Amino acid sequence: MGKIMENCWFFLDDQTVWAVCVDCMEKGLEREEYWINVVPDRFLSFDVFRKEINSAPIKMLCNAKKHELLISRVWFSRKKMKKP
């Protein structure tokens, strides 16, 4: 199963959630390839995502469809954190 760096990040300004596939990142892929858009690409809104994650961890595949990611919590993005 693929690892996830700090699980995933919530960007408050546009209500998006992004996850990182550490396996893809360690292979030297481009930033756009190892960041996975969770909201709104996989879940329509942060509210829908939050309801799902509260009931059980979310399993999803990375962008390369090679690694399974387990998202169990979300972190607020840090100030000046670069968006994917």
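The values are calculated or read from the model by the stated rules, or taken from the named source; none is laboratory data. Note that the coordinates shown come from a computational prediction; the quantities given were computed from them, not determined experimentally. We place every Cβ from the backbone using ideal geometry, glycine too, and count neighbours over all the protein chains shown.
Gly2 - would you say it is farther than 20 Å from Ser77 by Cβ and either modelled with pLDDT of 90 or more or in a helix (DSSP H, G or I) (or both)? Spelling it out, it is not the case that Gly2 is farther than 20 Å from Ser77 by Cβ and either modelled with pLDDT of 90 or more or in a helix (DSSP H, G or I) (or both). The number of residues in segment 35-63 being among the aliphatic types (A, V, I, L, M), in contact with an Asp or Glu (Cβ under 7 Å, 6 or more places away or on another chain) and either over 15 Å from Asn7 (Cα atoms) or part of a loop (DSSP other than H, G, I, E, B) (or both) comes to 0. Among the residues of segment 11-39, those that are within 14 Å of Lys83 (Cβ to Cβ) and over 10 Å from the mean Cα position of the chain (by Cα) comprise Phe11, Leu12, Asp13, Asp14, Gln15, Arg31, Glu32. Screening segment 35-84 for residues that are of a type in the set (Gly, Ala, Ser) and surrounded by fewer than 14 Cβ atoms within 10 Å (Cβ to Cβ) and picking the one that is nearest to Val17 (Cα to Cα) gives Ser45.
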